[in-house]
Amino acid sequence: MQAFRTFVLGVTVAGVTSVSAFAQEGATPAGVAPKPSSVTQAGTTQQPPPPPTPPQPPAKPDDPTYKETVVVSASKTEQQLVNAPATMTVIGGRALEVAPSNNYADLLRAVPGVNITQISARDINITSRSATSSLATSQLAVLDGRSLYQDFFGFVMWDFMPANTNEIRQIEVIRGPASAVWGANALSGVVNIITKTPRELAGTSFTMGAGSFGRQFFGNGVRNGSLVYGNITHAQAINDKWAYKLSLGTYQSEPFGRPSGTIPGGTIAYPAFKNTGTSQPKVDVRFDYDGESGQRWSFSGGYAQTDGIMHSGIGPFDINEGTRYIYGKTNYSKGAFRAQAFLNMLEGDADNLVSVDPLGNRIGLLFDTKTFDLEMSDTKTFGGRHVVTYGGNLRYNKFALSLAPGETSRTEGGIYVQDEIFMNDHVRFVAGARLDKFSSISSPVFSPRVAVLLKPNPDQTFRFSFNRAFRAPSMINNHLDVTVSNALPLGLINAAFGSAIFRVPTQVKGNLDLTEERMDAFEVSYTGTFGDRLTLSAAWYYNNFSQQIFFTQNGAWGPTTPPPGFPGLGPFTGAQLWGSVYASGVRFPSSFTYLNLGTVKNKGLELGMDASVNATTSFFANYSWQGMPDPDFDIREINLPPTHRFSTGLNYSGSRFFGSASMNYTDDAFWQDILDARYHGTTQAHLTTNASLGVKWGDGRYTATVKAINLTDKQYQSHVFGDLMRRQVVGELRVNLK
């Protein structure tokens, strides 16, 4: 708390002495895409575009080609959402303004087909169109093109997102595979967060919030923790060429409550461990340069820290205070040409709270990773009918991992090309492919994409598509090497042992023979806008996963094979006593590893409606159905997603008052991705009701908001091993100084 008080004092002094401008942007319903016929990527209202014709090559640097477009993630080039070759959802700046939470899990919960788990105060995992997990490895997340994916473990640490919500222009979510342009690890989709430029942010804004969770938990008397956060952003145009932005922030949360009793559907009580909250200070700086010939440079970098619980297959790790993340990025663009280079560095340590070694010591994890990435892309038009986008990247990782000592570096690279062919005003054909090569995989990986877009008119599209995507094995998948143990009180066998404990060892090793996991995805979808007020969307998909990488038990101590060193007693040998333990029904795993397991087929349906009632009010509703996965191996080896999900909400944004009201329903789900079968179980279906209410005064310079999640205070878990989620009420004050 002392650190936060110091931060608030510094922010207040800086805010009083700074000068800035306040800017508003166009309305976008929460959790829904802006109307592609009327809203640009910058959020300003435009006239509806003319019937689609092939874009022409830019004749000069300020040629308005693509200016009416709204998304960039689907093809890495700007295009109208209705014309994108992939199903997408866009969350705009106005939706972020009225959202009932600043948490990325809550912001994305209303996106159809996207499954969310928040397992601790800091631990968020997101996966599209399949079950997520304690470590979501298949969903790529990027910030202005810079990957946030942590290659060493193969997941996204959302707490290292440097942008505050008021700095975000929009969030683009590709709800399906995207390796054809994004490469490895975009297996189930992409979350691309696009921030405002320093010129768009010009001025100084200060935000401060505080709140707490629901009342005491049923049965265990544990109270949920409070949270405080704050940030300050100052942006200024120095002249007509240079502009900059400086952003500082902090977020602190006490731990959530832990469940007690037996794991639902499992056979063992929740393990007792000290739960912890999280503290996340951060600083981000950016300089933009606009050249005279249309070229643009952007230089950005930052520093962040985190601590708190990170869950894994061998149990929860407590990330220690001081774990740090450093990043830097350079962008260059001229016309459609883009080039960028970035560096991500993560250094820290963590202690496992459940798993111990055969001597009873807690399993530790030291990590020091560096990622270097260079990427280029361009878009050209040919023959009046072809829009060709092409590019590639080269990536180098350097690792120092205490739990995976077998490799210290990894190199990967890929190239891609996509051709959008305008057959006529009503038919478009998209064909593209990417080829990637990893130093850890023997053969190149090929990721094709094909889509046919039928357009009865400019505002409606029927899309038929095929995509192939992949995820490469992570360093942990290949090289994990640790021995954990389960405590067996020997006094349960015979009282003569007294309080002696034998630790049954379990070897956990990576697998060097892993190949990439793949997904072939087929989709039929529709997007249409009506009267500039209503947008309807529908998507049916069929996914065929092959060679999925699973953390799985591959050995057990049998009735006649006791662990080494198991003691005997009197005339009874260790093998005989172990046999009696086995006969009583007690089982212990002897080994775990990562395996490519067969094929999993799944399918689903997504429906959405977004309506602008008037200039201040919008409404959205969507429904997702995910069929039961169909593996050709034991279904108990996989997580099972919620079958039904729906979200609905109403947003209002007036000149003085604004707010939102929404509901999110998630069906029950099965989880098996932490420890062994004794800890596997089911979470119950839950419905959350959320709301926000705010007021502006002083010509919009001051804003006060009350934000609430789970108003009914219904206790639920989003993962069977996770913390208990309750009501969260936050008060927020934002000041925009001019």
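With surrounded by fewer than 16 Cβ atoms within 10 Å (Cβ to Cβ) and more than 25 Å from Ile119 (Cα to Cα) as the only criterion, which of Lys241, Lys274 stands out? Even if it seems obvious, please write down each step before you answer.
On the way: Lys274 fails: more than 25 Å from Ile119 (Cα to Cα).
Testing whether each residue is surrounded by fewer than 16 Cβ atoms within 10 Å (Cβ to Cβ) and more than 25 Å from Ile119 (Cα to Cα) leaves just Lys241.
Could you check the range 480-531 and list, in sequence order, the residues that are small (Gly, Ala, Ser), loosely packed, with under 13 Cβ neighbours inside 10 Å and in contact with a strand residue (DSSP E or B) (Cβ under 7 Å, 6 or more places away or on another chain)?
Ala487, Ala496
Please indicate, with yes or no, whether at least one residue in the range 498-509 is without any contact (Cβ under 8 Å) to a residue 24 or more places away in the chain, of a type in the set (S, T, N, Q) and touching a Pro at 6+ places or on another chain (Cβ under 8 Å).
Yes, the conditions are met somewhere in the range 498-509.
What strands (runs of 3 or more DSSP E), lying completely within the range 265-339, carry at least 3 residues that are under 20 Å from the mean Cα position of the chain (by Cα)?
The qualifying strands (runs of 3 or more DSSP E) are 295-310, 317-334.
Yes or no: Arg169 assigned to a strand (DSSP E or B) and surrounded by fewer than 22 Cβ atoms within 10 Å (Cβ to Cβ)?
Values: assigned to a strand (DSSP E or B): yes; surrounded by fewer than 22 Cβ atoms within 10 Å (Cβ to Cβ): yes.
Here the answer is yes, as Arg169 does meet what is asked.
Assuming Ser130 fulfils every condition listed in (1) surrounded by fewer than 23 Cβ atoms within 10 Å (Cβ to Cβ); (2) within 26 Å of Thr682 (Cβ to Cβ); (3) of a type in the set (Gly, Ala, Ser) apart from one, which condition is it?
(1)
What residue, of Gly565, Gly555, is over 30 Å from Ile441 (Cβ atoms) and either in contact with a His (Cβ under 6 Å, 6 or more places away or on another chain) or of a type outside the set (Lys, Arg) (or both)? Lay out the reasoning, then the answer.
Details: Gly555 fails: over 30 Å from Ile441 (Cβ atoms).
Just a single option satisfies the conditions, and that option is Gly565.
Please count how many residues of the range 261-288 are modelled with pLDDT of 90 or more, of a type in the set (S, T, N, Q) and farther than 21 Å from Gly322 by Cα.
Residues that pass the stated criteria total 1.
Go through the range 223-238 and report how many residues are modelled with pLDDT under 95, polar (S, T, N, Q) and surrounded by fewer than 21 Cβ atoms within 10 Å (Cβ to Cβ).
Here the count works out to 1.
Out of the residues in the range 556-601 that are hydroxyl-bearing (Ser, Thr, Tyr) and touching a Ser or Thr at 6+ places or on another chain (Cβ under 9 Å), which is farthest from Lys509 (Cα to Cα)?
Tyr582
Looking only at the range 611-652, which residues are among the polar types (S, T, N, Q), under 30 Å from Asp699 (Cβ atoms) and either surrounded by fewer than 20 Cβ atoms within 10 Å (Cβ to Cβ) or at pLDDT 95 or above (or both)?
Of the range 611-652, the ones among the polar types (S, T, N, Q) are 612, 614, 616-618, 622, 624, 626, 639, 643, 647-648, 651.
Subset that is under 30 Å from Asp699 (Cβ atoms): 612, 614, 616-618, 651.
Matches in the range 611-652: Asn614, Thr616, Thr617, Asn651.
If you take the residues of the range 435-466 that are outside any strand (DSSP E or B) and not charged (D, E, K, R), which of them is modelled with the highest pLDDT?
Among those residues, the one meeting the criterion is Pro444.
State which residue pairs qualify: first residue over 18 Å from Tyr594 (Cα atoms) and at pLDDT 90 or above and inside the range 670-683, second residue in a strand (DSSP E or B) and polar (S, T, N, Q) in any location, beta carbons under 6 Å apart, and separation of 6 or more residues or different chains.
From the range 670-683, the pairs are Phe670/Thr682.
Residue by residue through the range 342-397, note down the ones that are among the acidic types (Asp, Glu) and either assigned to a strand (DSSP E or B) or free of Cβ contacts under 8 Å to residues at least 24 places away in the same chain (or both). Working first, answer last.
Kept after step one, since they are among the acidic types (Asp, Glu), are these residues of the range 342-397: 347, 349, 351, 357, 368, 373, 375, 378.
Across the range 342-397, the qualifying residues are Glu347, Asp349, Asp351, Asp368, Asp373, Glu375, Asp378.
Assuming Tyr594 fulfils every condition listed in (1) under 24 Å from the mean Cα position of the chain (by Cα); (2) modelled with pLDDT under 90; (3) of a type outside the set (A, V, I, L, M) apart from one, which condition is it?
Among (1) under 24 Å from the mean Cα position of the chain (by Cα); (2) modelled with pLDDT under 90; (3) of a type outside the set (A, V, I, L, M), the lone unmet condition for Tyr594 is (2).
Taking Gln672 as the residue in question, decide whether it is surrounded by fewer than 22 Cβ atoms within 10 Å (Cβ to Cβ), more than 26 Å from Val613 (Cα to Cα) and within 24 Å of the chain's Cα centre (by Cα). Steps first, please.
Details: surrounded by fewer than 22 Cβ atoms within 10 Å (Cβ to Cβ): no; more than 26 Å from Val613 (Cα to Cα): yes; within 24 Å of the chain's Cα centre (by Cα): yes.
So Gln672 does not fit the description; no.
Can you say whether Ala141 is free of Cβ contacts under 8 Å to residues at least 60 places away in the same chain and assigned to a loop (DSSP other than H, G, I, E, B), as far as the supplied structure shows? Walk me through it before giving the result.
Values: free of Cβ contacts under 8 Å to residues at least 60 places away in the same chain: yes; assigned to a loop (DSSP other than H, G, I, E, B): no.
Here the answer is no, as Ala141 does not meet what is asked.
From Leu569, Leu514, Leu536, which residue is under 30 Å from Phe497 (Cβ atoms) and of a type in the set (A, V, I, L, M)?
Working: Leu514 fails: under 30 Å from Phe497 (Cβ atoms); Leu536 fails: under 30 Å from Phe497 (Cβ atoms).
None of the other options fit; the residue is Leu569.
Hey, can you tell me all the residues within the range 161-179 that are within 24 Å of Thr87 (Cα to Cα) and among the small types (Gly, Ala, Ser)?
Gly176, Ala178, Ser179
Consider Tyr327 against the criteria (1) closer than 30 Å to Gly294 by Cα; (2) of a type outside the set (S, T, N, Q); (3) out of contact with any helix residue (DSSP H, G or I) (no Cβ under 9 Å at 6 or more places or on another chain): it satisfies all of them except one. Which criterion is unmet?
With respect to (1) closer than 30 Å to Gly294 by Cα; (2) of a type outside the set (S, T, N, Q); (3) out of contact with any helix residue (DSSP H, G or I) (no Cβ under 9 Å at 6 or more places or on another chain), Tyr327 is out only on (3).
Filter the range 417-454 for residues that are touching a helix residue (DSSP H, G or I) at 6+ places or on another chain (Cβ under 8 Å) and within 24 Å of Val524 (Cβ to Cβ) and give the result.
Across the range 417-454, the qualifying residues are Gln418, Arg428, Gly432, Ala433, Arg434, Ser447, Pro448, Arg449, Leu453.
For Gly694, state whether it is surrounded by 20 or more Cβ atoms within 10 Å (Cβ to Cβ) and touching a residue at least 40 places away in the same chain (Cβ under 8 Å). Spell out the reasoning first.
Working: surrounded by 20 or more Cβ atoms within 10 Å (Cβ to Cβ): yes; touching a residue at least 40 places away in the same chain (Cβ under 8 Å): yes.
Here the answer is yes, as Gly694 does meet what is asked.
Can you pull out every residue in the range 423-464 that is under 28 Å from Thr535 (Cα atoms), hydrophobic (A, V, I, L, M, F, W, C) and out of contact with any His (no Cβ under 8 Å at 6 or more places or on another chain)?
Within the range 423-464, Met423, Val427, Phe429, Val430, Ala431, Val450, Ala451, Val452, Leu453, Phe462, Phe464 qualify.
Could you pull out the residue among Leu597, Leu569, Leu577, Leu534 that is within 30 Å of Met475 (Cα to Cα) and not hydroxyl-bearing (Ser, Thr, Tyr)? Step through it out loud before you land on a result.
Numbers: Leu569 fails: within 30 Å of Met475 (Cα to Cα); Leu577 fails: within 30 Å of Met475 (Cα to Cα); Leu534 fails: within 30 Å of Met475 (Cα to Cα).
The unique qualifying residue is Leu597.
Within the range 317-362, track down each residue that is over 22 Å from Leu135 (Cβ atoms) and of a type in the set (A, V, I, L, M).
Passing the criteria: Ile326, Ala336, Ala339, Ala341, Leu343, Leu359.
Listed residues Gly555, Gly604; which is assigned to a strand (DSSP E or B), at pLDDT 90 or above, farther than 30 Å from Gly627 by Cβ and touching a strand residue (DSSP E or B) at 6+ places or on another chain (Cβ under 7 Å)?
Numbers: Gly604 fails: farther than 30 Å from Gly627 by Cβ.
The match here is Gly555.
State whether the residues of the range 579-594 include one that is within 24 Å of Met628 (Cα to Cα), touching a residue at least 24 places away in the same chain (Cβ under 8 Å), hydroxyl-bearing (Ser, Thr, Tyr) and not in a helix (DSSP H, G or I). Before the answer, list the steps.
First, the residues of the range 579-594 that are within 24 Å of Met628 (Cα to Cα): 594.
This time we only want the ones that are touching a residue at least 24 places away in the same chain (Cβ under 8 Å), so: 594.
Still in the running and hydroxyl-bearing (Ser, Thr, Tyr): 594.
Then drop every residue that is not not in a helix (DSSP H, G or I), which leaves 594.
So far as the range 579-594 goes, yes, one or more of its residues are within 24 Å of Met628 (Cα to Cα), touching a residue at least 24 places away in the same chain (Cβ under 8 Å), hydroxyl-bearing (Ser, Thr, Tyr) and not in a helix (DSSP H, G or I).
The values are calculated or read from the model by the stated rules, or taken from the named source; none is laboratory data. Remember, predicted model here, so these are calculated numbers, not experimental data. Neighbour counts run over all protein chains shown; Cβ positions are idealised from the backbone, glycine included.
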